[in-house]
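Here the structure comes first, spelled out in structure tokens, and everything after it is commentary.
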Amino acid sequence: MKQVKLLLLIIACINIFAACKKDKTEPTELSKLPAATQTGANTFGCLVNGKAWVAQTDCKFLCNSPFKVFYDGSLGGNLSIFAKIELGTNNVNQQIAISFDSTNYKTIYNYGNNANIKFAFQDFLNQSLCSDVRSTDTNVLVNGKIILTRYDLPNGIFSGTFEFTLTKPSCETISVTDGRFDKKL
């Protein structure tokens, strides 16, 4: 009888340790992105070809912000978004740029429909024809949208989500999904 109790105790301990080990899962690429907020949190992130891409720099002195937003209220409003990853220690220097016109209210802006949207992805360390892919290039196929979730001029807050694909002949397709930005000017 003691052997049965001991065996049951050993099995119970093994199950407890196995359950604890399962709880220590690796974070997903999506979980590495900043939350999709609307508070002016100064965050930008997305998945680029399935990998987490969060605006950041490892610059320590006299640094420019890795995430900038510019708004020009003339001519129906133009919103320009620039985000970069500049990590000398990891040998990464990339930029995503998004701009669109007629941004005078919260709505969905689809590429080619109700706004003049421009997308670009640049990899400054890649010295090939594929290092700079822009929606304005004539040979690039484009699909995408931006959902402006907060357009708050009095408080200077612009927030939204986005996704796009850029396909350039002889280059890997750039697929940007689950994008989110939240900026206080």
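Suppose we keep only residues that are in a loop (DSSP other than H, G, I, E, B) and of a type in the set (D, E, K, R) within the range 148-172. Which one would you say is surrounded by the fewest Cβ atoms within 10 Å (Cβ to Cβ)? Reasoning before the result, please.
Looking only at the range 148-172, we keep the residues that are in a loop (DSSP other than H, G, I, E, B), and these are 153-156, 168-172.
Filter once more, so that each one left must be of a type in the set (D, E, K, R): 168, 172.
Working: Lys168: 19, Glu172: 11.
Within the range 148-172, the match that is surrounded by the fewest Cβ atoms within 10 Å (Cβ to Cβ) is Glu172.
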(request) Quickly run through the range 127-139 and pick out the residues that are in contact with a strand residue (DSSP E or B) (Cβ under 9 Å, 6 or more places away or on another chain) and either surrounded by fewer than 19 Cβ atoms within 10 Å (Cβ to Cβ) or within 17 Å of Trp53 (Cα to Cα) (or both). (result) Cys130, Ser131, Asp132, Val133, Arg134, Thr136, Asp137
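Quick one: is Asp152 free of Cβ contacts under 8 Å to residues at least 12 places away in the same chain, within 14 Å of Leu79 (Cα to Cα) and not polar (S, T, N, Q)? Spell out how you get there, then give the answer.
Values: free of Cβ contacts under 8 Å to residues at least 12 places away in the same chain: yes; within 14 Å of Leu79 (Cα to Cα): yes; not polar (S, T, N, Q): yes.
Answer is yes for this residue.
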(request) Any residue in the range 85-104 that's surrounded by 17 or more Cβ atoms within 10 Å (Cβ to Cβ): show its pairings with residues that are part of a loop (DSSP other than H, G, I, E, B) at Cβ separation under 6 Å, as long as the two are six or more apart or on different chains. (result) Asp101/Asn116; Thr103/Gly77
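Has the range 76-99 got any residue that is basic (Lys, Arg), modelled with pLDDT of 80 or more and under 29 Å from Leu185 (Cα atoms)?
Yes.
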(message) Considering only the range 170-177, I want to know if a residue exists there that is more than 23 Å from Ser31 (Cβ to Cβ) and not polar (S, T, N, Q).
(response) yes
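Any residue that is part of a loop (DSSP other than H, G, I, E, B) and either at pLDDT 95 or above or under 21 Å from Ala36 (Cα atoms) (or both) - is there at least one of those in the range 139-147?
Residues of the range 139-147 part of a loop (DSSP other than H, G, I, E, B): 139-140.
In the following step, the residues that additionally are either at pLDDT 95 or above or under 21 Å from Ala36 (Cα atoms) (or both) were identified as none.
The answer is no, given that none of the residues of the range 139-147 is part of a loop (DSSP other than H, G, I, E, B) and either at pLDDT 95 or above or under 21 Å from Ala36 (Cα atoms) (or both).
The values are calculated or read from the model by the stated rules, or taken from the named source; none is laboratory data. If you're wondering where the values come from, they're calculated on a predicted model, not measured in any experiment. Note that we place each Cβ from the backbone using ideal geometry, even for glycine, and neighbour counts take in every protein chain shown.
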